[in-house]
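The values are calculated or read from the model by the stated rules, or taken from the named source; none is laboratory data. This one's a predicted model, so the numbers in the text were calculated from it and none came from an experiment. Here Cβ is always computed from backbone atoms with ideal geometry, including for glycine, and neighbour counts include all displayed protein chains. SASA here: full protein model, heavy atoms, side chains in, ligands and nucleic acids out. Shrake-Rupley method; radii C 1.70, N 1.55, O 1.52, S 1.80 Å.
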Amino acid sequence: MKISSLQTARYKYSPKLPGMLRNGIADICVKEGEETQSVADQEKIKALFPNTYGKKEITFQAGENTSETKKQVVGVILSGGQAPGGHNVICGLYDALKATNKENVLYGFKNGPSGLIEDDYLIFDDEYIDQYRNTGGFDIIGSGRTKLETTDQFAIAAEVCKKHGITAIVIIGGDDSNTNAAVLAEYFAANHTGVQVIGCPKTIDGDLKNEDIECSFGFDTATKTYSEIIGNIERDANSAKKYWHFIKVMGRSASHVALECALETQPNICLISEEVSAKKMSLSEIADYIADSVAKRAENGMNFGVAVIPEGVVEFVPEFSALIQEINELLAGSKADAFNALSTWKEKYAFIENGLTKESMEVFAILPEAIQQQLFLERDPHGNVQVSLIESEKLFSALVKDKLEERKAAGTYNGKFNALHHFLGYEGRCAFPSNFDSDYCYSLGYNAFMLIQYGYNGYLSKISNLSQPASEWVAGGMPITKMMNIERRHGEDKPVIKKALVELDGKPFKFFQAHREEWAVDTCFVYPGAIQYYGPAEVCDITTVTLALEQTK
C-alpha cells in the first residue's frame, strides 16, 4: 500500500513537551496546591464522592522523583466522538510508561468503554504504536459511547482489571466520559481495588473547559480545518459574486466552534446560540437580522455573502425550543404509533395541528415543509426530536428568502438572493492534528502517566499556559470533581461536569461583537488556508484566536 509523503513525515514528527516534562521521569516531582471543591452543589457532590472529593490540585516541576517504584499495567479507553490528537494521547502515555520501566504494559480496550466490560483489548508495542503517531482518528483502538455508570458495570470492570493486573485506567473523552471516569474512580477507591482512574479532556465542541482546562483537545485542529473550508468558500463567493453561502458547523450545546471560525475567517454573519438565548430572539428576528446584511450588501452591488450557523442554534430559540417540547409530548408513548400509521403528510399535518398549542402551531406553520418533516424523523433513544438532524442552514436561508420577498414587494429591496448550503461536521473530527494538538495531546498522555506514577485517582490530566510556546506549558492535574455540579437528567439528579458555553462577557465574543457590524456589510473575508506543519513557529504552532484572546493580559 502506498502511503502519502505527508503521512510518512508526520510519523516522524517529535511532539514538544512542557519544560518540566522534558527533564526525564527521574527528575520530575510534585508541587501540591490548595484543596478543591466542586463548581456548585458542594455538599451533594461531596456526599456522592467521599473518597475522591476535595483533593488538591497539583503541578509537576523539576526535582527528585519520589513516587513509588513498581511495575505499572495501564488500560486506555477512547470514549465518545472522534477528535484530532487522540492517537497522540495514547502515544504520550505509552512513551512515558516505557521510559519509566520497559516492563510496564499498556492495554488498549477496543471500541470504547464496552471494551473494558467485554474484556476486548490489544496490548501495545513499538511497532503498532508507531503506525499512529501524529495521525488523526480513533482507529488505533476504536471508540464507543457506552456509559460506565452502573454498579454492575463497575464490578465487571474491577474483575477485568484484576484479571490482567491492571493498576490504572485512562479514559480519553468529553464531559460525560470524564463524569463516568470520576464515578468509576470513586467506586474503585471505595472498594479498595487499587486501580486508579485518570481522565483526558477531549471534544472538538470546545465546551469542556474552565479556569483550569484552557482548551479541550481537537478543538484547534477541527476549527482550523473548518476555517480553511469557510475561507475557500468565502474566496469563491467573492469570485462568483452571486451566492449567499449558509454554512452549518458542529456544536450542539455551545457555539465555540462557530465563534472561533468567525474569528478566523470574518464572515458576514455568524449566529451565536448563547446570544440568541440571552436575547430571546425569535426565528423571525434572526431572519430579519440576516436579511438586513443581505439587503445592505445588495445596495452596494454585492449579492453574495457567507453566514455561519451553529449546529444546535434552533434549540436556543425560545419559541422553537417550546415547539420541540410540545412535539416530544405529542408523540410520547402510543401516540407515536398512531402518528406513524398515517400514510400521507396531509394527514400527519392535521394530526400535528390538532395537537399543538396555537403559539407553537404558528411557529410550525412558518417552517419550510422539509424542515417540518425533519422534526418528525427518527427519534432519539428517549423518544425526543433529534435536533442535530434539522438542516438549520436551510431553515434560515428559506426564512431569509421569505423576508426578502416581503421587502421586495414593499419596494425596500431590489437585490438578488441565491443560497447554497453546507454542513461542516465529520470533515474536522479526524483531520491530521495540527502541531498544537499533536503537542498538546502527547503532553496530556505523558502527563497522565505521571499522575498514575504518583498514585493519583479521579484526576484529569491538565496542561495549561497553552497560548505560550510548548516549552512554557505547565503540566499537572486536577480532581475531576472540581468541575462537577448536579443536573436533572431523565427525571433524576445526576452529578455531571458542567458544560462551558460561550461567555457573552468574555474576550472572544466581545472582539467578535466589536467587529461584526463591519463584517456584515463590507467584504472583510480572511482566508486562513490549510494547516501548516513545517516552517516558522508563528505559522505552524499558532493556537486558536479564542485561546489567544482569552489569555491576552
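Find the residue count for the range 259-293, including only residues that are part of a helix (DSSP H, G or I), open to solvent by less than 10 Å² (accessible area, probe 1.4 Å) and over 15 Å from residue 234 (Cα atoms).
Taking the range 259-293 and keeping what is part of a helix (DSSP H, G or I), we get 259-265, 273-278, 283-293.
Next, only the ones that are open to solvent by less than 10 Å² (accessible area, probe 1.4 Å) stay: 259-262, 265, 273, 276, 283, 286-287, 290-291, 293.
Subset that is over 15 Å from residue 234 (Cα atoms): 259-260, 273, 276, 283, 286-287, 290-291, 293.
Looking only at that region, the number is 10.
Can you name every residue in the range 500-512 that is open to solvent by less than 70 Å² (accessible area, probe 1.4 Å) and not hydrophobic (A, V, I, L, M, F, W, C)?
Kept after step one, since they are open to solvent by less than 70 Å² (accessible area, probe 1.4 Å), are these residues of the range 500-512: 500, 502, 504, 506, 508-509, 512.
Hits for the range 500-512 are 506, 508.
Pick from the range 235-258 the residues that are open to solvent by 30 Å² or more (accessible area, probe 1.4 Å), at pLDDT 95 or above and outside any helix (DSSP H, G or I): which of them is farthest from residue 389 (Cα to Cα)?
It comes out as 241.
Return the total of residues in the range 159-192 being part of a helix (DSSP H, G or I), within 16 Å of residue 217 (Cβ to Cβ) and of a type outside the set (Asp, Glu).
3
List pairs: first residue in the range 32-45 and within 15 Å of residue 480 (Cβ to Cβ), second residue open to solvent by 100 Å² or more (accessible area, probe 1.4 Å) and assigned to a helix (DSSP H, G or I) anywhere in the structure, Cβ distance under 8 angstrom, at least six positions apart or on different chains.
Short answer, once both residue conditions are applied: 37/46; 38/46.
Tell me which of these residue 179 doesn't satisfy, since it passes every other one: (1) surrounded by 22 or more Cβ atoms within 10 Å (Cβ to Cβ); (2) of a type in the set (S, T, N, Q); (3) within 29 Å of residue 16 (Cβ to Cβ).
(3)
Please state which one of 326, 315, 319 is touching a Gly at 6+ places or on another chain (Cβ under 9 Å), part of a helix (DSSP H, G or I) and touching a residue at least 12 places away in the same chain (Cβ under 8 Å).
326
If you take the residues in the range 98-149 that are in contact (Cβ under 8 Å) with a residue 40 or more places away in the chain and among the aliphatic types (A, V, I, L, M), which one is farthest from residue 450 (Cα to Cα)?
117
Looking at (1) surrounded by fewer than 19 Cβ atoms within 10 Å (Cβ to Cβ); (2) not in a strand (DSSP E or B), find the lone condition where residue 423 falls short.
(2)
Hey, residue 517 hits all of (1) over 18 Å from residue 257 (Cβ atoms); (2) surrounded by fewer than 16 Cβ atoms within 10 Å (Cβ to Cβ); (3) within 25 Å of the chain's Cα centre (by Cα) but one; which does it fall short on?
Tallying (1) over 18 Å from residue 257 (Cβ atoms); (2) surrounded by fewer than 16 Cβ atoms within 10 Å (Cβ to Cβ); (3) within 25 Å of the chain's Cα centre (by Cα), residue 517 fails exactly one: (3).
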